[in-house]
Amino acid sequence: MSIMVTGATGQLGSLIMEKLEKYVPASQVIACVRQPEKAVNFLEKGFEVRFGDYDQLDTLIEAFTGVTTLLLISSSHTDDKIRLQQHAQVIHAAKKANVKHLLYTGFAFPPKGPIPSYHVHLLTEQMILESGIDYTFLRNALYIDFVGVLGLKEAMESGELPTYPGNWQFNSVTREDLALATAKVLTTNGHMNQVYELAAPNVWDFNELVDVLSELSGKKITFRQDSSIQHWIYSFLAKIDTASTSKDLERLMERPVTTLRESIKPFV
Ligand SMILES: NC(=O)c1ccc[n+]([C@@H]2O[C@H](COP(=O)([O-])OP(=O)(O)OC[C@H]3O[C@@H](n4cnc5c(N)ncnc54)[C@H](OP(=O)(O)O)[C@@H]3O)[C@@H](O)[C@H]2O)c1
C-alpha cells in the first residue's frame, strides 16, 4: 500500500506529511510536488518524492503509478476555471494510473443553491463520483487565518475591534487539526465513499473573540460595529456558510478541536 499527498509542500500538505510520519512507515508515503527543490526535507525523512504538476497530465500519470491511496489537496490557483481544469487532470490521471482510493479536500457545508465560492469543490466532487474511483470527501471548514485581516493586533493596542455590522458566527479550524484528522483517515479503514465536514462542533462570535483578546492582552477589548468598513473578507464571509457545525473533525481526531484562544495566538 502507498499513500500519496499532492500539494505536500504547502501549508496543509506539509502538516499532513508530518502527522503521517507518526502513523505509518515513511516508505509507504509519497509526496507529490511541483517544486522538488522544496521537498528535500521529505527525502531526508525517508519519504519518496515524485514530481507532479496539475497542469501537466503526463507528469501526474507517471507520479500516480503504483499509488493505492491518493489525497488531492485542492489547487491554490486563483482562477477557479484553471483550478477545475487542474482537478480534472488529477482525477483523469488517477483513473489512468489505477488509483484505488481518491480523497479530496473541499469546503465545508456546501449550499444547495449555486454559490460561486463552492463551485470548484462541488464540481470536483462530482467529477470524482463520475470517475467511479472510491472516494472520501474531506470538506474543510474555514481556516482560522481569516482573523489575520480583522485587525486583532491593532485592537489589542487601541482596546477596540471594529467589525462590519451583522449577526456573525464563525466555524473556523486550524490546519493542524485538519492535518491530524486527514492523516487518521489516510491510515485507518472505514472511510471509503464517506463525506466528512471537517468543522468545529461550536461556532464563535465577536463577543467571544473580544473576550479572548482581553484575556490575552490583559486589558478590556470591546468591538464596535462600523458599516463604513470596506474589506473583501466580509463580502467573502457573507457568501459562505460559517455557522453550521459538525462533530466529524473531533470524532476523527479523537480529541477536542483547538480552542479559539490557542487558534488565534499566531495572529496576535
Ligand atoms: N478552508 C479554507 O479556509 C481554505 C483557505 C484557503 C485555501 N484553501 C484551499 O486549501 C488548499 C490547501 O491550503 P494550503 O494552506 O496548504 O495552501 P498552500 O500553502 O498555498 O499550498 C498549496 C499547495 O498546492 C501546490 N500546487 C499549487 N499549484 C500546483 C500545481 N499546478 N501542481 C502541483 N501542485 C500545485 C503548491 O505547490 P508549491 O509548493 O509548489 O507552490 C502547494 O504545495 C489551497 O490550495 C486551497 O485550495 C482552503
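Residues whose amide H falls under 5 Å from that of Val49, counting only those 5 or more places apart or on a different chain, are Ala31, with hydrogens built in the peptide plane. Among the listed pairs Lys219/Lys239; Lys19/Lys219; Lys22/Lys95; Lys19/Lys100; Lys22/Lys220, a Cα-Cα separation exceeding 31 Å is found for Lys219/Lys239; Lys19/Lys219; Lys22/Lys220. Rounded to whole numbers, the Karplus 3J(HN,Hα) couplings from phi for segment 163-180 are 10, 6, x, x, 8, 6, 9, 10, 10, 10, 9, 9, 4, 4, 5, 4, 5, 5 Hz, using 6.51 cos²θ - 1.76 cosθ + 1.60 with θ = phi - 60°, and x at Gly and Pro. Between the Cα long axis of helix 206-217 and the first principal axis of the chain there is an angle of about 80°, rounded to the nearest 10. Estimated purely from DSSP H runs of n ≥ 4, each contributing -39500 (n - 2.57), the mean residue ellipticity at 222 nm for the chain is -12000 deg cm²/dmol once divided by its residues. Axis angle, to the nearest 10 degrees, between helix 80-96 and the longest C-alpha principal axis of the chain: 30 degrees. Backbone amide hydrogens, once placed in the peptide plane, bring Glu160 within less than 5 Å of Thr222, excluding anything fewer than 5 places away on its chain. Remark: the Cα gyration tensor places segment 1-159 in the oblate category, a/c being 1.5 or greater and a/b not exceeding b/c. The 3J(HN,Hα) values that the Karplus relation (6.51, -1.76, 1.60; θ = phi - 60°) gives for segment 218-227 are, in residue order, x, 9, 6, 10, 10, 10, 10, 6, 9, 6 Hz. Gly and Pro appear as x.
Shape analysis of the chain based on the Cα gyration tensor places the equivalent ellipsoid semi-axes at 35, 20, 17 Å, largest first.
Here the relative contact order of segment 158-268, from alpha carbon pairs under 8 Å that lie six or more residues apart, stands at 45 percent. Amide H contacts under 5 Å for Leu198: Arg139, Asn140, Ala141, restricted to partners 5 or more places along the chain or on a different chain, H placed in the peptide plane at 1.01 Å from N.
Every number here is computed from the coordinates shown, using simple stated rules; none is lab data. Everything numeric in this text was worked out from a predicted model, so none of it was measured.
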